[in-house]
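Just below is one structure, and these are the notes that go with it.
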Amino acid sequence: MGPVSSSPGLPLAAYRLAWLAAAPVVGWLLRRGARADPEGRYVAERWGRRWRSDVRGPLWVHCASVGEVTTACPVVRELLGRGRRAVLLTTNTPTGARTVRRLLGGRVAQAYLPLDTRRRVAAFLDRFAPAALLVCETEIWPELYHQCHARGIPVALFNARLTPRTLRAPRWVRSLYAEALRPVRAVLARTDADAARFRDLGAVRVRVVGNLKWAWCAPAPAGAPPVDPPYWLGVSTHEGEEVALARIQMTLPEHAPRLVLMPRHPERGGQIAETLRRAGIPVSRRSLGEPAVGPVHLADTLGEAMSFMGHAELVFMGGSLVPAGGHNLLEPARLGLPVVVGPHMEDFAEETRALLSAGAVVQVRDAAEAQGVVRGLLADGPVRAELGRAARRVVAEHAAGVVRDYVSALERAGVLP
């Protein structure tokens, strides 16, 4: 497929005007994001200037942030192992960039994605002249897609996923996405449901390959536990869940493992601690250097989730007691840990069903049911061990071949130079 027309349709023209109106707010948000970037690259590169990398003609892989980098990492390693040309990996966030360095080191060039405006996207494409763009999961940037199509740069999405919420967007937004997706060379979807949503949105060349989250890139946790075991872990928790889990902890026997809470957004640490103390629940905070001596320890820090998981008795996956869609339960499952989830696992429905069908995860309807399940599991080591073995087995079965399948699908689509 050669270059398409460089003339924007009406939805893209309106989108460009919206960017002009939003510029002051976007600038403020960028300055806030810069606090997490000690290198000082974030604002300049997202603003479309002073990229430090000088790679030319790379295979370009874009990942929004930490989760997408971890998902894409096995495919990137496979491409590097096959002797493909240089790889440029972009992210939207400093935490994503740090994850690139942690998982891939200096094997890839790295930059921040520019804001999706005509001038900044053009500056990026002029600077790097990518041979192709591979987008992980959901990122649909209309200006970026339009300019890639106009320049004849093939675009493909892999591990593509789309939530029903996107299809409920205003009509002009759906038209904008349809305009961006129509020329895309390949949309390689996780599931049949994702593929159907992309087709409904306007994508043409769609096929189902599988879920890359079953694969794994990060090393297994090693070393001493961050706090003295035993403990059970509430990870990626949202507002309301910390209190619910802490109240479960306060009903357990005195000798029971303590609860470690890892909020999805660690900056909520002060608010969470105050809420727990008002409820009469003693809590210590890791971010303040307080020792884990009471029944509840708040790990309001970044980058330690895997270390805490590696030594937990069981994991309760946050975002699932409240309607937040859940989070990636495959990480603890891969480590052979017993996993408990709430009723709201919509964003990981396929993975949850697969683990449930193999007896490898426990799903509860509410906090009251969670109390009985957690109490029972903490008191029964053999049951926890069997859950963990089943979880590890299910993950290994699904991971086999999925990376190879994606690379083969990208080759067939003609997007790998």
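The values are calculated or read from the model by the stated rules, or taken from the named source; none is laboratory data. Here the structure is a predicted model, which is why all the values come from computation and not from measurement. Every residue, glycine among them, receives a Cβ derived from its backbone with ideal geometry; neighbour counts consider all protein chains shown.
Within region 317-338, residues that are in contact (Cβ under 8 Å) with a residue 24 or more places away in the chain and assigned to a helix (DSSP H, G or I) have Cβ atoms under 9 Å from residues that are of a type in the set (Lys, Arg) and surrounded by fewer than 23 Cβ atoms within 10 Å (Cβ to Cβ) in these pairs: 333/392; 334/392, counting only partners at least 6 apart in sequence or on another chain.
Looking at region 181-285, the strands (runs of 3 or more DSSP E) lying wholly inside it that each contain 1 or more residues that are at pLDDT 95 or above and either loosely packed, with under 15 Cβ neighbours inside 10 Å or charged (D, E, K, R) (or both) sit at 206-208, 258-263, 283-285.
Of the residues making up region 77-93, just one is modelled with pLDDT under 90 and part of a helix (DSSP H, G or I), namely 81.
Residue check: residue 290 meets all listed conditions (1) touching a strand residue (DSSP E or B) at 6+ places or on another chain (Cβ under 6 Å); (2) part of a loop (DSSP other than H, G, I, E, B); (3) crowded, with 21+ Cβ neighbours inside 10 Å; (4) without any contact (Cβ under 8 Å) to a residue 40 or more places away in the chain but one, namely (3).
Note on region 395-408: residues that are closer than 14 Å to residue 76 by Cα and touching a Phe, Trp or Tyr at 6+ places or on another chain (Cβ under 9 Å) amount to 2. Within region 350-362, the set of residues being surrounded by fewer than 19 Cβ atoms within 10 Å (Cβ to Cβ) and touching a helix residue (DSSP H, G or I) at 6+ places or on another chain (Cβ under 8 Å) comprises 358, 359.
Scanning region 116-139 for residues that are surrounded by fewer than 23 Cβ atoms within 10 Å (Cβ to Cβ) and part of a loop (DSSP other than H, G, I, E, B) yields a total of 7.
Only one of 368, 400 is under 28 Å from residue 82 (Cβ atoms) and free of Cβ contacts under 8 Å to residues at least 40 places away in the same chain. Can you tell me which? Going through 368, 400 in turn, the sole match is 400.
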